[in-house]
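The values are calculated or read from the model by the stated rules, or taken from the named source; none is laboratory data. Source: prediction; values computed, not measured. A quick note on method: Cβ atoms are made from the backbone with ideal geometry, for glycine too, and the neighbour counts reach across all protein chains shown. Heavy atoms of the whole protein, side chains included, go into the accessibility calculation; ligands, DNA and RNA do not. Shrake-Rupley method; radii C 1.70, N 1.55, O 1.52, S 1.80 Å.
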Amino acid sequence: MVINIRVSRDFAKVPANDLANLADDVVDGMTGNPAFTTPPVLPPALTTLNTTLRTSITAADAGGKAQTAAKYAVYDAVVAALRKNANY
């Protein structure tokens, strides 16, 4: 019997706060896990991206168009990092 495992990439469609929460869960799940010894984006790098995302969410909520554009740029970077690790 062949078991097919599929990885959902629906995280690319969620709101920024949900993406930040998911990234926290991914970091928690990968840190110290022997099944993920050499992921493309290491947990400390993903943590840094996620911290930047959370900061940009707060700035966009209080700011204007420039802050919102910055939030979307960081959002895209977090999605790209999560995709790399999903492919791993």
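Using +1 at the Cβ of each Lys and Arg and -1 at the Cβ of each Asp and Glu in the chain, identify which of Gly29, Thr55, Asn85 lies farthest towards the dipole's positive end. Final value for the positive-end residue is Asn85.
So, with +1 on the Cβ of K and R and -1 on the Cβ of D and E, and no other charges, what is the size of the charge dipole of the chain about its Cα centre, to the nearest 20 debye?
On the way: 8 positive and 7 negative charges, 59 e Å.
Value, rounded to 20: 280 debye.
Here the Karplus relation 6.51 cos²θ - 1.76 cosθ + 1.60, evaluated at θ = phi - 60°, turns the backbone of the range 80-86 into coupling constants of 4, 5, 5, 5, 4, 5, 5 Hz, with x for every Gly and Pro.
The residues neighbouring Ala70, those whose beta-carbon lies less than 13 Å from its own, together hold a net charge of +1 under the Lys/Arg +1, Asp/Glu -1 convention.
In order along the range 13-30, phi translates into HN-Hα couplings of 10, 8, x, 4, 4, 5, 5, 4, 5, 5, 4, 4, 5, 5, 4, 4, x, 8 Hz, rounded to whole numbers, per the Karplus curve 6.51 cos²θ - 1.76 cosθ + 1.60 with θ = phi - 60° and x for Gly and Pro.
Expressed as a whole percentage, what fraction of the accessible surface of the chain belongs to carbon and sulfur atoms when a 1.4 Å probe is rolled over the protein heavy atoms? That fraction is 58 percent.
Checking (1) -0.29, -0.61; (2) -0.23, -0.50; (3) -0.33, -0.63 against the coordinates, the calculated log10 I(q)/I(0) by the Debye sum over Cα atoms at q = 0.11, 0.16 Å⁻¹ falls under label (3).
Taking a ≥ b ≥ c as the square roots of the eigenvalues of the Cα gyration tensor of the range 37-88, is the shape rounded (a/c under 1.5), prolate (a/b larger than b/c) or oblate? Judged from the Cα gyration tensor, the range 37-88 comes out prolate (a/c at least 1.5, a/b above b/c).
Scalar couplings 3J(HN,Hα) for the range 42-47, obtained by applying the Karplus form with A = 6.51, B = -1.76, C = 1.60 to θ = phi - 60°, are 5, x, x, 5, 5, 4 Hz; x denotes Gly and Pro.
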